[in-house]
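Asker: Shown below is the structure under consideration.
The values are calculated or read from the model by the stated rules, or taken from the named source; none is laboratory data. Note that the coordinates shown come from a computational prediction; the quantities given were computed from them, not determined experimentally. With ideal geometry, Cβ positions are generated from the backbone for all residues, glycine too; neighbour counts draw on all protein chains shown. Please note that ligands, DNA and RNA were not included when accessible areas were found on the heavy atoms of the full protein model with its side chains. Shrake-Rupley method; radii C 1.70, N 1.55, O 1.52, S 1.80 Å.
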Amino acid sequence: MINFLLDLISNLIILAVLLTACCVINWMRPDAKPNGYLVFVVFVAIALLFDAALTFLVFADSQARYGKFSTVQAFIPRLAAYVTACGIAIGLSRMRSRKAAGRADARTVIRTSPSAN
């Protein structure tokens, strides 16, 4: 359980760093609109592929030295942490898009008195 929590915390720290970097890029160049949540999901997908390759190909070759890392039982908490972090990122992205849609729909109505002719 502790490995899952540590992996999840490290993934969420990476998410925070990517979101901060995208905010800085948006601030410096308003014409560029990088989506930090999408960048994070792609980053996690690539990291998951590398993690699976390390677990089942590299570490599996040297069981004597890295046997505890090459098991499915060691990979499942890391996989769960990746999926949970992606779920959090997608949820935050949806909340952000709903909030932006709500701001666009909210229009200010100024009531004026009828004009006297």
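Asker: To the nearest 0.05, how large is the calculated FRET efficiency for Ala21 and Val72 if R₀ is 30 Å and r is the Cβ-Cβ distance? Before the final figure, lay out the partial values.
Answerer: On the way: r = 34 Å, r/R0 = 1.13.
Here the calculated transfer efficiency is 0.30.
Asker: Rounded to the nearest whole Å², what accessible area per residue is found for the chain with the 1.4 Å probe?
Answerer: Numbers: 8920 Å² over 117 residues.
With all protein chains present, the chain gives 76 Å² per residue.
Asker: Would you mind putting 89-98, 7-16, 35-44 in packing order, based on average other-beta-carbon counts within 10 Å, highest first?
Answerer: Details: 89-98: 13.5, 7-16: 16.1, 35-44: 18.2.
By packing density, highest mean first, the sequence is 35-44, 7-16, 89-98.
Asker: Would you calculate the volume per residue, in Å³, of the smallest convex hull containing every Cα atom of the chain?
Answerer: Details: hull volume 16.4 nm³, N = 117.
Roughly 140 Å³ of hull volume per residue.
Asker: Once the dipole of the chain is set up with Lys and Arg at +1 and Asp and Glu at -1 on Cβ about the Cα centre, which of Met95, Asn35, Ala47 lies farthest towards its positive end?
Answerer: Met95
Asker: Sticking with this one: Sorting check: for 67-80, 18-31, which peptide has the highest mean count of neighbouring beta carbons within 10 Å, and how do the rest follow? Write out the running numbers ahead of the final one.
Answerer: On the way: 67-80: 14.2, 18-31: 12.1.
Answer by packing, highest mean first, reads 67-80, 18-31.
Asker: Next question, about the same structure. Measure off, as a whole percent, the carbon and sulfur share of the 1.4 Å-probe accessible area of the chain, all protein chains present.
Answerer: Carbon with sulfur: 68 percent of the solvent-accessible area.
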